[in-house]
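**Student:** Here it is: the structure, laid out below.
What follows is calculated from the coordinates using simple rules that are stated; it is not laboratory data. These numbers were taken from a predicted model, which means no experiment stands behind them. We place every Cβ from the backbone using ideal geometry, glycine too, and count neighbours over all the protein chains shown.
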Amino acid sequence: MNLDSPTFTSLQGLQSGAPLNGTSLQLIEKINALAAVVPAQDLTPIRRRELMREAGKLLIFADNKPSVQSTDLQIPLPGRSLPARLYEPEQSSSDTLVVFFHGGGWVIGDLETHHPSLQFLALHLGMKVLSVEYRKAPEHVFPAACDDAGQALAWAHSQMTSWGCKRIAVSGDSAGGHLAAVAMHNMQTVNVAAALLFYPVTDIQFGNRSYTERGSGPGLTRDGMIWFWHQFMSTASPAAALPSMDDPRVVPMQQAWERTPPPTVILSAWHDPLYDESVSYAKLLAKAGGKVVLKSAPDMAHGFLRQAWVVSSASAHVLAAAHAFRTLLDTA
């Protein structure tokens with residue numbers, strides 16, 4: 001794949017990183033300290049979810065009150081309903097609804113852990129954003145989250161005109177980026193206008209360069225990611241080998257695009273074992289004819305979207321991606 005292909009409208013910082021931002025590192029270390037005091041045998045999925053909510057208190061100013069309204073609702077689906085939250089910025093002239101899926105390794109995370117992030121995105125995109133809380137592993141293993149993502153996207157598409165929107169886009173961070181990528185590929189009945197993916201999970205390649213060089217942290221680790229994969233796929237034990245995957249719902253790098261992919265912005269983090277996956281997935285979309293804006297945050301680790309309110313560099317990277325996303329929509 002030629003990285004100078006015209007389908008790549010932007011390609012930044014792919015060859016090298018920069019030192020990890022000091023403020024970001026301090027936050028990561030504080031978050032890691034919350035988990036360090038919990039005995040390993042007590043780090044159950046439920047406890048990990050609690051820790052992620054506790055960590056969220058470190059990631060937003062207490063007096064922050066962005067000019068974004070939010071409304072909780074339920075997405076009615078066959079045999080279940082999914083909690084969701086609609087964000088509406090006071091200043092918005094966009095006709096696009098963005099459907100967002102939160103990260104957390106398909107195991108942790110919810111509407112609350114990503115509430116500040118979605119306020120930030122809605123505010124700076126100037127768009128309505130629908131945050132979806134899908135079913136999580138290990139209580140609901142693959143393909144539950146993938147089914148939820150596709151069906152939630154279809155439901156939002158059916159409702160968007162009532163919210164004053166004419167187009168629909170997808171977004172997500174980490175495992176939520178995976179679900180967004182799966183939904184936009186699978187839902188051929190929904191015309192996805194664009195995608196905004198933050199360091200998405202797109203492959204199972206634990207021996208690639210970014211896993212080998214950056215898989216020990218200080219943020220997301222190789223061992224941590226393997227644990228999440230085992231929860232998601234319901235394999236017998238963390239020590240068991242993950243099976244080879246050729247299902248594109250599991251591994252988006254297996255997607256075969258029979259139509260042109262939606263214009264997509266991918267924002268990666270250099271200090272992230274998933275970095276190489278972002279680059280590879282951008283190449284896949286571009287090879288299929290999609291317009292791709294691929295950006296790298298050379299001084300950031302995995303999860304920096306949630307730092308956007310408190311780390312100026314994280315904010316700058318997210319704002320740059322938001323600008324690129326708006327530009328893609330304006331030219332689509």
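**Student:** Which whole-number percent gives the relative contact order of the chain, counting Cα pairs below 8 Å spaced six or more residues apart?
**Tutor:** Normalised by residue count, the contact order of the chain is 22 percent.
**Student:** May I pose another question? If the elastic network links every pair of Cα atoms under 10 Å, which of 276, 72, 299 fluctuates the most in the Gaussian network model of the chain?
**Tutor:** 72
**Student:** Count charges around residue 186 for me, please; just the other residues with Cβ under 10 Å from its Cβ, Lys/Arg as +1, Asp/Glu as -1.
**Tutor:** Here the count lands on 0.
**Student:** Going by average Cβ neighbours within 10 Å, how do the peptides 28-36, 217-225 rank, with the highest at the top?
**Tutor:** For the peptides 28-36, 217-225, the packing ranking is 217-225, 28-36.
**Student:** Hey, what does the equivalent ellipsoid look like for the chain, semi-axes from the Cα gyration tensor as sqrt of 5 times each eigenvalue, largest first, whole Å?
**Tutor:** Taking √(5λ) for each eigenvalue gives 26, 23, 22 Å, largest first.
**Student:** Residue 287 to residue 323: extension gain in nm, 0.36 nm per residue of separation minus the Cα-Cα distance?
**Tutor:** Fully extending the segment from residue 287 to residue 323 adds 10.6 nm.
**Student:** As an exercise, identify the GluC sites (Glu not before Pro) in the range 194-282 lying in DSSP coil whose Cβ has no more than 15 other Cβ atoms within 10 Å.
**Tutor:** 258
**Student:** Moving on. Mind checking the full-extension length gain between residue 254 and residue 216? Use 0.36 nm per residue of separation minus the Cα-Cα distance, one decimal, nm.
**Tutor:** Stretched fully, the residue 254-residue 216 segment lengthens by 11.0 nm.
**Student:** Also, quick follow-up: Can you work out the FRET efficiency for the pair residue 81 and residue 23, with r the C-beta to C-beta distance and R0 = 45 Å, to the nearest 0.05?
**Tutor:** It comes out at approximately 0.70.
**Student:** Now for a separate question. Do you know the Lys pair count in the chain for C-alpha distances under 16 Å, with sequence separation 8 or more or different chains?
**Tutor:** Eligible lysine pairs with Cα atoms under 16 Å apart amount to 5.
**Student:** If neighbour count is taken as other Cβ atoms inside 10 Å, put 202, 260 in order from fewest to most.
**Tutor:** Lowest to highest Cβ neighbour count: 260, 202.
**Student:** Mean projection of the alpha-carbon convex hull of the range 239-332 over all orientations, in nm²?
**Tutor:** With the hull built on Cα positions only, its mean projection is 7.7 nm².
**Student:** Further question: Show me, bin by bin at 10 Å from 0, the whole-percent P(r) of the range 163-310 based on Cα pairs.
**Tutor:** 11, 41, 34, 13, 1
**Student:** Give me the percent of DSSP beta bridges within the range 61-128 that run antiparallel, rounded to the nearest 5.
**Tutor:** Expressed as a percentage, antiparallel bridges in the range 61-128 total about 90.
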